[in-house]
1. From (1) within 26 Å of ASP637 (Cα to Cα); (2) buried (at least 17 other Cβ atoms within 10 Å of the Cβ); (3) small (Gly, Ala, Ser), pick out the condition that doesn't hold for ALA676.
2. Does any residue in the range 417-432 that is among the acidic types (Asp, Glu) come within less than 7 Å, Cβ to Cβ, of a residue that is in a loop (DSSP other than H, G, I, E, B) and surrounded by fewer than 17 Cβ atoms within 10 Å (Cβ to Cβ) six or more places away or on a different chain, and which pairs are these?
3. Can ILE707 be described as in contact with a Leu (Cβ under 8 Å, 6 or more places away or on another chain) and either within 30 Å of VAL621 (Cβ to Cβ) or not in a strand (DSSP E or B) (or both)?
4. Filter the range 725-755 for residues that are in a helix (DSSP H, G or I) and in contact (Cβ under 8 Å) with a residue 40 or more places away in the chain and give the result.
5. Based on what the data block shows, is MET569 over 27 Å from GLU660 (Cα atoms), in the same structural domain as ALA673 (by TED's automatic domain parsing) and surrounded by 21 or more Cβ atoms within 10 Å (Cβ to Cβ)?
6. Within the range 620-635, take every residue that is closer than 20 Å to ASP586 by Cβ and touching a residue at least 60 places away in the same chain (Cβ under 8 Å) and give me the one that is surrounded by the most Cβ atoms within 10 Å (Cβ to Cβ).
7. With ALA369, ALA410 as the choices, which residue is modelled with pLDDT under 85 and buried (at least 16 other Cβ atoms within 10 Å of the Cβ)?
8. Looking for something in contact (Cβ under 8 Å) with a residue 40 or more places away in the chain, closer than 26 Å to CYS558 by Cβ and in a helix (DSSP H, G or I) - is there at least one such residue anywhere in the range 661-668?
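The values are calculated or read from the model by the stated rules, or taken from the named source; none is laboratory data. Everything quoted here is computed from the prediction, not taken from an experiment. With ideal geometry, Cβ positions are generated from the backbone for all residues, glycine too; neighbour counts draw on all protein chains shown.
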Amino acid sequence: MIYLYLCLCICIYIMASIIEHNNNSDELLPLDDSDFSKKTFWNDFFVKRNEKAFEWYGQWSDIKGIVESYCPPEKENSILVIGCGNSSTSEEMFDDGYGTICSIDFSEQVIKEMIKKTPRKKLRNGLKYEIMDMLHMTFNDKLYDSVFDKGALDALMADASKKSAKDASQMFEEIDRVLSDDGVYLCVTLAQQQIMSAIFRFFREKWTVHIHTFSPEEGSALCPFLFAMQKKKFVSNENGGLDANNIVTYFEGKAERSNFGAAVTRIRKMQQMYNLLGGPIKPSNKLVLPLELWSQNMNGSDGSDKKNNHNNNSINSKMVKKNATPRYEVSIIDPPIQPKSGICGVCIIPIGREHEWLFSSNEGQMNFATMSGYARFIIVRMNRDHNYQDMETIQNELSPYMQKLIPPTASSTTEKVPFLTISEDIGFRDTLYRGHSKMSGDYIVEEVNGDSGGADDRNRRLVFFSNIGAIQSEARLSVKKVKGGNHNNNKSNSKGRRKIGSNKSVSQIVLDHDYLTFEYHAAMVYGLVFLPKSLQPNSKRKNNNNTTNNDNKKCEICLIGTGGGLLAMFLHEHFKDVIIDTIDLDEEMLTIAKDWFGFKETQRLHGFVGDGIEFVNKKVVEKKQYHVVIIDVDSKDLSEGLLFPPRPFMTEEFLKNVYEVLDDNGILIVNLASRAQNVFDECILSFNSVFDAVCLIPIEADVNKVIFCMKNQVISSAKDKDHIKAYKDKLDVSAQRITENANKKWDESIDLNEWTSQLQFIC
């Protein structure tokens, strides 16, 4: 019988052990692949292995982060490890804070061995080893929160026989029985065809299946997966079963940093999974593959050194260090439509444009891939910390790898994969500063091309490496006329301004506070139209004698989430009668805003460091009131389904405090972003339960929605078209008035009136 891939891998490890211990190969090799499911084989195997740990598919450290996302290290958690062997994983989990761990194996020899070598203190405090068959467990029902399996299922199903399938089904039944109602089964496997079929067959109902990749060790030929099957965390389809969309994959790039061949193997394995589920690679199941095998000019050469250049389309480059940033990041998408142009196409995204919706979001990439007309569409992004010469050189460098990504179903895999171009220019990126925030981690301030792509059109960005796919803050740089030799070179201004030409030059590049890069910021400014006329910024009112009075009551704004300070600076610059208190939890953000984005505190603009929730609560106690409260805070915990804001800002308790801190006709403006419709609906219900009227503006081509919550304002007859038209006409008048009476003219791209037509009433 021909051994399956698992058997070959096991044999490789066994052969290594043979060489190491000078044992005879006949003593360890199984006579048949079915031996892997036999107790006698494993008893004999562990006797001959002595006490040396045998780690299937890697160390605990390789999968620790994934496991903790489903099963946090808490003393209350009870964990069952099945088919434990002599792995040190159980003990390492115990050392990392997991409270009760029971490890079972049907091999008497290995259990005796593990009890003998485990410290008695750990055995007394919750770490247990028992002789037990995982097909016939004697535990009570619903006893464990998690079941962990590293290679046990693979050993049980070493072949594709009916007996193996029956045994697997019986093991799954037992796991289901001993797991709590919201328990999770974590299975580390090579995901052979029979394994995937068994998992998907059993767990299609009332379970979600999350699939992760990881790298067991540098240079390993193994391509393991971690399947996380969670009970009662499912969304049923029309037939009551698990929908294919509930099979979620996490194709993690770090798993492929040293072995491109392994990466291709994984991609094909993933495709097999999707084929079993009856569909192509879907937007939610997009595969992302960082490539860092080859790097040109790693010594900082500008390309003039011929030794570091490509010669006759052959790659002559140095290997990247293990922990270096991947040179390229590749997204692989199979659109659901039939191809028109060909089997496989590649598009290289110019530097600086990788954050655009079309190239960064699942929806945008799927639209892009569909428009391409290819059965498989590959999107390539160029990463920071690498030098790139030109498009032609990049294509030559990538071409051999792209050939390997042609779908295996293609009639020909030798035809050269075509490259599509958005721009002949590879783009521009200039790193200005690298820093570290104790709260948010490492960050970078950089300049990239603006919309026009011209040399004088630049944007300045703040990006945190903890969320590298998102731009935290972005400002446009503009050319300003100044008198020659009159430049201010202090620390703050030198970072915000850059000279063009000599000291006698009359032009200077400055941060443009008349422009808002983020569309939702402009929508937030629009929210001022909901204020009564007397509170609208720069509103010109008439006295009793019909003369104009410009001494209006100040409009006081509380902005939670300073960021780069760009929204605060826009409001400050254009509305002379506003007072702004802005607050951010991250102390570093205020420094970044001042040093790199032109944020300046004045008598009307104050920057605070602290918790926004506590800040509001304190103002309630102080009986301080604002006319506008703006919440623009990103969430660090995406597991709750919210991108903006964090869940604590959506509690009824906090929203009631915001209501209390608002003036009688005040307004709450929130940047709300969630990809989960049920989470979004919950937030809307929270707003409606506290505030008197709620409206929203959806941001085109993005998940963000700007929410407007009004106090003591009732929008009756929200479904009455005539009423709504009259109300919108009134808002248009307010928008026009605010624009015309602004302290200074802002960029023409910001048109407050355009938002009225997009306004949706949900009160």
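1. Unmet condition: (2).
2. These pairs meet every condition: ASP425/GLY453.
3. yes
4. LEU731, SER734, ALA735, ARG737, ILE738, LEU752, TRP755 - these are the residues of the range 725-755 that are in a helix (DSSP H, G or I) and in contact (Cβ under 8 Å) with a residue 40 or more places away in the chain.
5. Judged against the criteria, MET569 is not a match.
6. VAL629
7. ALA369
8. Looking through the range 661-668, at least one residue is in contact (Cβ under 8 Å) with a residue 40 or more places away in the chain, closer than 26 Å to CYS558 by Cβ and in a helix (DSSP H, G or I).
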